[in-house]
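Heads up, the thing below is written out as structure tokens.
The values are calculated or read from the model by the stated rules, or taken from the named source; none is laboratory data. Fair warning: this is a prediction, and the values are worked out from it, not measured in the lab. Methodologically, a virtual Cβ is constructed for each residue, glycine included, from the backbone with ideal geometry; neighbour enumeration extends over all protein chains shown.
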Amino acid sequence: MINVMDIEYRKATCEDLDGIYIVETNCFSIPWSKLSLEIDLCQNKKALYVVALYNGRIIGFCGMRVILNEGHIMNVAVLENYRGIGIGAALLKTMFALAPGYVDQYTLEVRVSNSAAINLYTKLGFFGVGIRPKYYADTGEDALIMWTNKNTP
Ligand SMILES: CC(C)(COP(=O)(O)OP(=O)(O)OC[C@H]1O[C@@H](n2cnc3c(N)ncnc32)[C@H](O)[C@@H]1OP(=O)(O)O)[C@@H](O)C(=O)NCCC(=O)NCCS
């Protein structure tokens, strides 16, 4: 039984690369390469990543890139055994809290079939604004483009 009080959320650093990569490769059919994650985590001054740790092990993370006043969410992932207990929502809320003050809206793309993620984003104030047809190379699936209103969340 996981005690949610024992889960720690904090800004990720370059040292978290290996743990983040394990979560990434476990959670996505087309994972980012380790190099792409490394560039974001260790070099990109406009990227912000947050990790969830349980007993010192990274069990989830999310990341975004800041473009002007917009936070572009690149990835949110939680290891399967830890899903459904609020970690995805807590990761995103932590990232919003740590984002620079001038970021006042957020956007992302999500597979139209990914109802768990769409529900998570909707719960946090995101809404669908359009479709990118055949966005995902592995299945040709469409992406739903979601945004938040300014200052929400
Ligand atoms: C999407 C994901 C990050 C959600 O993480 P999580 O920790 O399980 O989410 P939470 O427990 O914080 O759930 C928050 C809300 O999301 C929605 N949700 C989460 N899992 C769901 C599921 N299996 N079915 C439907 N809705 C779900 C619910 O609205 C939930 O709120 P509720 O508990 O009040 O009903 C997780 O399923 C995951 O890692 N999936 C694989 C990677 C992925 O698809 N990432 C998104 C890419 S865009």
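Every condition in (1) at pLDDT below 95; (2) within 20 Å of A52 (Cα to Cα) holds for A99 except the one numbered (1).
Restricted to segment 115-131, and to residues that are among the hydrophobic types (A, V, I, L, M, F, W, C) and out of contact with any helix residue (DSSP H, G or I) (no Cβ under 9 Å at 6 or more places or on another chain), which residue is surrounded by the fewest Cβ atoms within 10 Å (Cβ to Cβ)?
The residue in question is V129.
Take the conditions (1) crowded, with 18+ Cβ neighbours inside 10 Å; (2) of a type in the set (S, T, N, Q); (3) within 30 Å of N3 (Cβ to Cβ); T148 misses just one of them, which is (3). For G19, the test of being on the phi > 0 side of the Ramachandran plot and either more than 13 Å from the ligand (Cβ to nearest atom) or among the β-branched types (V, I, T) (or both) is failed.
One line per residue, one yes/no per condition, for (1) within 20 Å of L144 (Cβ to Cβ); (2) among the polar types (S, T, N, Q); (3) out of contact with any Gly (no Cβ under 6 Å at 6 or more places or on another chain); (4) surrounded by 22 or more Cβ atoms within 10 Å (Cβ to Cβ):
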residue	(1), (2), (3), (4)
K46	no, no, yes, no
A52	no, no, no, yes
I58	no, no, no, no
I67	yes, no, yes, no
S113	yes, yes, yes, no
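Looking at segment 31-44 only, could you name the residues that are in a loop (DSSP other than H, G, I, E, B) and either loosely packed, with under 14 Cβ neighbours inside 10 Å or polar (S, T, N, Q) (or both)? The answer is S33, Q43, N44. Determine, yes or no, whether G60 is free of Cβ contacts under 8 Å to residues at least 40 places away in the same chain and within 13 Å of the chain's Cα centre (by Cα). The answer is yes for G60.
Number of residues in segment 90-138 that are among the hydroxyl-bearing types (S, T, Y) and touching a residue at least 40 places away in the same chain (Cβ under 8 Å): the value is 4.
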